[in-house]
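J.: Mind having a look at this structure? Questions to follow.
The values are calculated or read from the model by the stated rules, or taken from the named source; none is laboratory data. Bear in mind the structure is a predicted one, so any value in this text is a computation, not a measurement. Positions of Cβ are generated from backbone atoms using ideal geometry, with glycine treated the same way; all protein chains shown enter the neighbour counts.
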Amino acid sequence: MTVPAQSHQHRLPPAERGRSQDSSRDDLIISAALELLGTNGYHGLTMTDVASRAGVSKATLYRRWTAKADLVADAVATLSPVSTPRYPGTSLRDDLLALLEQAGNCDGRSAVVIATMEQARSHPDLYRSLTERFSTFIRTELHKLAQRSADAGHVPLSEAELDVMVDTVIALLAHDAGPAGTSVPRDRLAKLVDNGLMLLLTGTRETD
């Protein structure tokens, strides 16, 4: 398998030429976007207003994010992180479960996150940006765990098999969370790990 080339963020990479980008401005822009999401919602948020609130030029903003949906996806992710879980490291099974628990946890989300998720239902560009980001996160983390399985002597997954694994995880998490976005119970996640993911990664069930 090759390491996924995608980034968790939609932010554009720094230009190869010209002045280097001041990373502190990223934080200003993200903070401004969150403030405006809270007051104006996704529909009422404009890139012009974000630049003005952040105290940066529109050119500075567009050098980092060219689309509102991508900016909002990155801003929301700072409140509902899609970052590497705290893997216990005790076993592959335990680490798979830790990943799914983080991915399937909907508790404690701020009002901004909840409202943005609801807005995504009627804004295809925002829905696509949010789902692509989540898919990239799941694929990156599953790739790491699949590599660990291969290093332990199990048959490596092909890219196609990894894609199927990612699609399966996302579909089942979405199904179990339901339209209300409730957290998936741990015992349900454990069944997915023991009867699905462990089979795909190692060829055996945890209970075998």
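J.: Within region 115-152, track down each residue that is within 17 Å of Gly89 (Cβ to Cβ) and either touching a strand residue (DSSP E or B) at 6+ places or on another chain (Cβ under 9 Å) or charged (D, E, K, R) (or both).
T.: Glu141, Lys144, Arg148, Asp151
J.: Also, quick follow-up: Restricting to region 54-78, what's the tally of residues that are closer than 15 Å to Leu36 by Cβ and surrounded by fewer than 17 Cβ atoms within 10 Å (Cβ to Cβ)?
T.: Final tally of qualifying residues: 3.
J.: If we scan region 185-201, do we find a residue that is farther than 16 Å from Asp94 by Cβ, assigned by TED's automatic domain parsing to the domain that holds Leu99, in contact (Cβ under 8 Å) with a residue 12 or more places away in the chain and assigned to a loop (DSSP other than H, G, I, E, B)?
T.: Checked against the condition, which is being farther than 16 Å from Asp94 by Cβ, assigned by TED's automatic domain parsing to the domain that holds Leu99, in contact (Cβ under 8 Å) with a residue 12 or more places away in the chain and assigned to a loop (DSSP other than H, G, I, E, B), region 185-201 yields no hits at all.
J.: Hey, among Ala160, Ala190, Ala171, Ala180, which residue is surrounded by 14 or more Cβ atoms within 10 Å (Cβ to Cβ) and small (Gly, Ala, Ser)?
T.: Working: Ala160 fails: surrounded by 14 or more Cβ atoms within 10 Å (Cβ to Cβ); Ala171 fails: surrounded by 14 or more Cβ atoms within 10 Å (Cβ to Cβ); Ala180 fails: surrounded by 14 or more Cβ atoms within 10 Å (Cβ to Cβ).
Exactly one residue qualifies, and that residue is Ala190.
J.: Something else now. Can you pull out the residues in region 87-108 that are surrounded by fewer than 20 Cβ atoms within 10 Å (Cβ to Cβ), part of a loop (DSSP other than H, G, I, E, B) and in contact (Cβ under 8 Å) with a residue 40 or more places away in the chain?
T.: If the condition is that a residue be surrounded by fewer than 20 Cβ atoms within 10 Å (Cβ to Cβ), part of a loop (DSSP other than H, G, I, E, B) and in contact (Cβ under 8 Å) with a residue 40 or more places away in the chain, then Asn105, Cys106, Asp107 are the ones that fit.
J.: Search region 21-80 for residues being among the acidic types (Asp, Glu) and in a helix (DSSP H, G or I), and hand back the single one that is farthest from the chain's Cα centre (by Cα). I'd like the intermediate steps shown before the answer.
T.: Of region 21-80, the ones among the acidic types (Asp, Glu) are 22, 26-27, 35, 49, 70, 74.
Then drop every residue that is not in a helix (DSSP H, G or I), which leaves 26-27, 35, 49, 70, 74.
Values: Asp26: 18, Asp27: 19, Glu35: 21, Asp49: 26, Asp70: 12, Asp74: 9 Å.
By that ranking, first place goes to Asp49.
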